[in-house]
Amino acid sequence: MDGEFDLSKGKPGAGCGPLLAADSASSKPLRQRIFEYVRAHGHAARADISRALGVSPGSATTLTAELIQNGLLREVAQAPKEQGRGRPPVALEIVPDAGRVAGIKISHRHHTATLTDFAGNMIAQAVLETTQKAKRVHDVLDELNHLLKRLLKKADCTLADLNGIGIGMPGIIAHGEGIVRWSPILSERDQPFGTAFRDRFGVDVYLENDANMLTLAELWFGAGRDMSDFAVVTIENGVGMGLVLNNRLYRGSFGMGLELGHTKVQIDGALCRCGQRGCLEAYLGDYALAREATTALGFGQYQQSSMKGILDKLFEEAKLGNPAALTIFQRAGRYLALGLSNVMQLFDPALIILSGERMRYDYMFVGDVIADVQALTLSRGDQPCKIEIHNSGDLSWAHGASALALAAVTDEMFSTDRWTA
Ligand SMILES: [Zn+2]
């Protein structure tokens, strides 16, 4: 359990990106696999690259020389503790300035942006407060214009210096086409957000569902770097989920994402904001808790205040020992346990990471939730799935969006004509 975990910082020199290669990795050009190996490990000697990727020392030398010549890698002395006798061996590392990407988290109350160099270091960040109502695409683009100006000014660069931008937002996102099928942020459905963004800013953009974006943050910068199978469950306004299977993000077929919040836990149950009944979210989401608080605790006078105001008041009451408030959180905790046990039973992940704004409310009961999950799951012997809480802030989500852009820009960079020789 690690409430202060901060994915946005990472460990200096520790590298970034998945440490285990996905099955699809063998179809990547060897130069790219070498580049990504070095980026994942922070730095690596030619001999290590040769051994890890199964290439001859001669090929490793030739290909790394090309990467150095193209300004993507550079030589660096290895740390003294890693040096053997004799001449200090030389390691390779990514040239951070070889590329720059931005990552953006679009959300209801504010948008968050990060600027990341090609080695994965966050070099600037910016936040823009916004209004909560659903907007048209061009209104959101106006807001992103302000946000990007703020971000780029901090790093003294311009849009032309960016190789790509990753954007995550809640909703149903057709990742490949850059189309937002539905999002609570937008007032209209089926919007070609990616094309509109590219036309306006002239930079390549990669869109993703926000829970997937946080999952990428864990895969690139966090606890998931050396894990082949793990899940991230986010509890904010709604309940989202991202899944890494076999070292890569699982995206499904139609951009629906893994809508854990809308899996049914009760036939003819409580009404969900999606219009259906009995969804997990209808027992666990912010609006579900607020609805219960309004009736069970007579929070009528808070009707006009924000959802956050109602939840803060409810949390305060629970901490003071108000039995009705405690019951509301405990009940939500039991539904959370039910959802998590289903995830475990279906995917058998090594780790489930719980994240999102709402986790701070659930800290009190997390022990009960974990005990309930184990009780609801078929015995796994001596190696139960771990459950960790990462109280990741919006910067971590935005940094995950920059990983999306880093991966795409890297793919693009290694598929161009300059390598055909
Ligand atoms: Zn629903």
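The values are calculated or read from the model by the stated rules, or taken from the named source; none is laboratory data. These numbers were taken from a predicted model, which means no experiment stands behind them. With ideal geometry, Cβ positions are generated from the backbone for all residues, glycine too; neighbour counts draw on all protein chains shown. Keep in mind that these areas ignore ligands, DNA and RNA; they rest on the heavy atoms of the full protein, side chains included. Shrake-Rupley method; radii C 1.70, N 1.55, O 1.52, S 1.80 Å.
A compact table of results
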read-out	value
Residue check for residue 185: farther than 19 Å from residue 109 by Cα and open to solvent by less than 40 Å² (accessible area, probe 1.4 Å)	no
Only listed residue being open to solvent by 40 Å² or more (accessible area, probe 1.4 Å), outside any helix (DSSP H, G or I) and at pLDDT 90 or above, chosen from 4, 93	93
Qualifying positions in the range 35-46 - in contact (Cβ under 8 Å) with a residue 24 or more places away in the chain and assigned to a helix (DSSP H, G or I)	35, 36, 38, 39, 40, 41, 46
Index of the failed condition, residue 195 passing every other in (1) assigned to a loop (DSSP other than H, G, I, E, B); (2) surrounded by fewer than 16 Cβ atoms within 10 Å (Cβ to Cβ); (3) away from the ligand (no atom under 16 Å from the Cβ)	(1)
Any hit, the range 288-295, residues being free of Cβ contacts under 8 Å to residues at least 12 places away in the same chain and within 16 Å of the ligand (Cβ to nearest atom)	yes
Residues that are crowded, with 24+ Cβ neighbours inside 10 Å, of a type outside the set (Gly, Ala, Ser), more than 14 Å from the ligand (Cβ to nearest atom) and within 20 Å of residue 106 (Cβ to Cβ), drawn from the range 230-253	232, 234, 235
Residue in the range 310-317 that is buried (at least 16 other Cβ atoms within 10 Å of the Cβ) and within 16 Å of the ligand (Cβ to nearest atom) present	no
Residue match in the range 211-222 (condition: in contact with a strand residue (DSSP E or B) (Cβ under 8 Å, 6 or more places away or on another chain) and without any contact (Cβ under 8 Å) to a residue 12 or more places away in the chain)	no
Residue 325 vs. criteria away from the ligand (no atom under 16 Å from the Cβ) and in a helix (DSSP H, G or I)	yes
Single residue of 160, 119, 126 found to be open to solvent by 30 Å² or more (accessible area, probe 1.4 Å) and among the small types (Gly, Ala, Ser)	160
Whichever residue in the range 286-307 is under 16 Å from residue 239 (Cα atoms) and at pLDDT below 85 and, among such residues, is most open to solvent (accessible area, probe 1.4 Å)	307
Elements of type helices (runs of 4 or more DSSP H) contained in the range 198-312, each with 1 or more residues being over 14 Å from the mean Cα position of the chain (by Cα)	281-284, 286-296
Test result for residue 147, under 18 Å from residue 395 (Cβ atoms) and either assigned to a strand (DSSP E or B) or not charged (D, E, K, R) (or both)	yes
Residues being closer than 18 Å to residue 183 by Cα and more than 10 Å from the ligand (Cβ to nearest atom) - total across the range 254-284	6
Meets criteria (over 23 Å from the mean Cα position of the chain (by Cα) and assigned to a helix (DSSP H, G or I)) for residue 52	yes
